[in-house]
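Structure, as structure tokens:
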Amino acid sequence: MPEPVTAETLTAPTPVCERCEELDRFYAERGGALAWTGPGNVYAYHQLLEAIAAMESHGLDPELYGFATLVAASPVHADLALDEQATRAWLEMAHDLSGGRLDPRVYEPGWISPHEHPDPVARLNLALELDAVALSLAELAPNDDGYHRLREALRVYRALALEPQRHPVSPGPALHPGDAGPRVVQLRDRLEADGYLDGSHPVADRDVFDAALADAVVALQRAVHLDADGIVGEETLRWLSISAADRVAQIEANLERRRWRRTPSGRALRVNIPDFSLEVLEDGAIVDRHRVIVGRISRPTPVFAAELSYLILNPWWETPYSLAVRDELPAFRADPDMVARLGFQVLDENEQIVDTAQLDWNTVPSDPFPFRLRQAPGPDNALGEVKFIFPNPHNTYLHDTPARHLFDQSRRAYSSGCMRVEAPLDLARWVTEGLEGWTGQSVDAVAAGDEETRVDLTARIPVDVVYWTVIPSQGSWVRFVADLYEKDEAIINGLSGGSPNSQE
């Protein structure tokens with residue numbers, strides 16, 4: 001049995017020996033010829049230095065690759081030790097840009113990713129042959145618009161971190177509509193600077209918390225997924241007090257997440273857990289968005305990648321054993337009539353339907369729970385009208401919900417791990433586009449009935465479930481959202497050389 005993956009075994013900086021096989025193969029394929037030092041190699045060496053310096057723009061410290069030592073050294077004369085150090089630096093950068101500096105298995109339990117990494121040795125030999133050392137590394141980083149915008153945001157926030165805090169809101173009691181005073185002026189200045197309040201029109205009483213300011217507070221709270229009550233209480237004040245330096249660290253953590261996984265080509269779906277959103281992608285472009293509900297903090301939605309292979313219209317809900325024990329059994333004890341009212345069937349160990357009218361739920365044990373629960377299609381079915389299946393070890397999928405009012409909430413963390421999607425029939429129509437025998441009208445017609453119908457796809461659709469707390473927004477701006485499961489700090493610690501469990 002292989003050794004388990006742990007933080008202790010995977011979070012330390014990569015030892016030099018882990019690149020020894022690649023290092024040996026690189027020089028063997030060159031017949032032992034040096035690549036960076038000696039006559040004719042100085043140009044490549046200086047390209048390498050430029051590439052190392054550029055790692056800062058990716059949120060990675062150039063000193064991870066021995067920048068100061070390599071700058072101080074001279075490549076003019078052949079030097080095997082220096083040559084090997086330069087090669088190791090290139091290999092380390094290639095690995096970090098193509099797949100991330102940190103091992104995602106430490107930071108995301110049950111990590112699944114189909115991302116394949118290029119052969120760095122072959123790529124380095126080609127780069128040297130073409131005099132394209134720096135370009136060869138730049139091309140290994142994600143080449144999507146989102147990654148480029150985060151790099152630009154990193155540049156902007158690093159500059160802001162060198163300045164006094166912009167538009168601070170002084171600590172104090174909660175601010176409510178109708179309040180007045182200098183802290184209201186500070187709040188107004190901050191929301192104007194962040195684009196939530198139109199500052200082009202003069203306001204006679206800038207120190208008054210008026211209706212327009214209250215609307216702006218709600219807009220901020222909704223955008224970052226705080227409770228949208230229009231009151232600047234402890235949580236909103238804490239959000240407004242986050243420094244530019246802290247934002248820099250957050251952007252760096254999200255650049256690392258994007259290096260772990262690339263945007264799929266063709267048709268794809270991407271769920272971003274802390275943004276409570278699903279994006280419909282075609283060749284990397286977002287063509288539609290849906291709001292989603294994700295797992296509550298005690299039952300979080302996992303991060304993983306899979307492929308959508310089929311959907312089911314009017315699904316039966318086979319209640320997972322854990323939910324039957326934790327959720328349904330207590331509910332049935334409190335209200336036995338809900339079994340029939342919500343369309344549940346109760347099956348015994350012989351798969352026979354139990355007459356629940358003769359059953360006293362208070363006498364049914366929870367451990368072991370002796371029944372299997374399933375809920376018939378209908379308006380109260382927990383899965384709603386459709387579920388989308390992408391097989392994965394987490395048994396997590398997308399589905400409709402009868403509790404559609406929850407989509408109006410800012411912080412939509414209510415599920416037991418699966419993702420509930422708004423306007424699921426719109427998504428079903430997109431998924432079945434071009435599928436023989438299916439049209440938007442036929443999807444609607446089947447969904448209007450009550451017969452469970454499986455629709456198999458002829459071409460699977462990649463599904464990425466990600467955890468991004470910095471999101472590209474309009475223009476060149478980015479949007480920060482609340483760290484729902486408090487995952488950012490572990491990656492920030494890891495990138496700075498610490499343990500993901502460190503609280504420092």
For the range 126-134, Karplus couplings with θ = phi - 60° (6.51, -1.76, 1.60), whole Hz, Gly/Pro x: 5, 4, 5, 5, 9, 6, 10, 4, 5
Where labels lie 7 Å past Cα in the beta-carbon direction, separation of ILE297 and SER170 in nm: 3.1 nm
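When the chain is fully extended, how far beyond the present Cα-Cα distance does VAL208 get from ALA459, taking 0.36 nm per residue of separation?
84.6 nm
Charges only on Cβ, +1 for Lys and Arg, -1 for Asp and Glu: so what's the dipole of the range 263-471 about the Cα centre, in debye to the nearest 20?
Numbers: 19 positive and 31 negative charges, 153 e Å.
Computed about the Cα centre, the dipole is about 740 debye.
Kirkwood hydrodynamic radius for the range 236-349: how many Å is it when counted over pairs of different Cα atoms? Let's see the in-between values first.
On the way: mean 1/r = 0.0536 Å⁻¹.
With all distinct Cα pairs of the range 236-349 included, I get 18.6 Å.
For the range 7-141, take N as its residue count and report Rg(C-alpha) divided by 2.2 N^0.38 Å. Could you put the intermediate results ahead of the total?
Working: Rg = 15.0 Å, N = 135, 2.2 N^0.38 = 14.2 Å.
In units of the 2.2 N^0.38 Å rule of thumb, it is 1.06.
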Share of pairwise Cα separations in the chain, more than 34 Å, in percent: 51 percent
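With each run of n ≥ 4 DSSP H residues scored as -39500 (n - 2.57), what mean residue ellipticity at 222 nm is computed for the chain after dividing by its residue count and rounding to the nearest 500 deg cm²/dmol? Before the final figure, lay out the partial values.
Values: 18 runs with 174 residues, N = 504.
It lands at -10000 deg cm²/dmol.
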Peptides ranked, highest mean first, by Cβ atoms within 10 Å: ranges 450-457, 225-232: 225-232, 450-457
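Work through the residues other than ARG261 whose Cβ is under 12 Å from its Cβ and net out their charges, Lys, Arg +1 and Asp, Glu -1.
Details: positive: ARG257, ARG258, ARG259, ARG262, ARG270; negative: GLU108, GLU116, ASP144, GLU256, ASP464.
Residues close to ARG261 contribute a combined charge of 0.
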For the range 261-399: relative contact order, % (alpha-carbon pairs under 8 angstrom, 6 or more apart): 25 percent
Distance between the range 98-128 and the range 336-405 - C-alpha centres, whole angstrom: 42 Å
Relative contact order [Cα under 8 Å, 6+ residues apart], the range 7-141, whole percent: 32 percent
Mean Cβ neighbour count within 10 Å, used as a protection proxy, ranking 76-88, 414-426 highest first: 414-426, 76-88
Peptides ranked, highest mean first, by Cβ atoms within 10 Å: ranges 24-33, 461-470: 461-470, 24-33
Residues in the range 90-104 reached by a label modelled at GLU29 [backbone nitrogen below 16 Å; 7 Å Cα→Cβ]: 90-95
Under the Debye formula (equal points on every Cα, no solvent term), log10 I(q)/I(0) of the range 308-435 at q = 0.10, 0.19 Å⁻¹: -0.37, -1.14
Global geometry of the range 346-504, whether rounded, prolate or oblate, following the gyration tensor of its Cα atoms and the 1.5 cut on a/c: oblate
Helix axis angle, 145-161 relative to the chain longest principal axis, alpha carbon, degrees: 70 degrees
For ARG30, residues with placed amide H under 5 Å, excluding near neighbours: none
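Calculate, in whole percent, how much of the Cα-Cα pair population of the range 418-504 lies beyond 22 Å.
Working: 2056 of 3741 pairs.
Value for the range 418-504 (Cα pairs over 22 Å): 55 percent.
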Centre separation in Å (Cα based) which lies between the range 18-62 and the range 261-289: 35 Å
Relative contact order computed over the chain (Cα-Cα under 8 Å; 6+ residues apart), in percent: 18 percent
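Computed from the coordinates by the stated procedures, all read-outs in this text should not be read as laboratory data. This structure is a prediction, so every number in the text was calculated from the model and none was measured. Cβ sites come from the backbone with ideal geometry, for glycine too, and all protein chains shown count toward neighbours.
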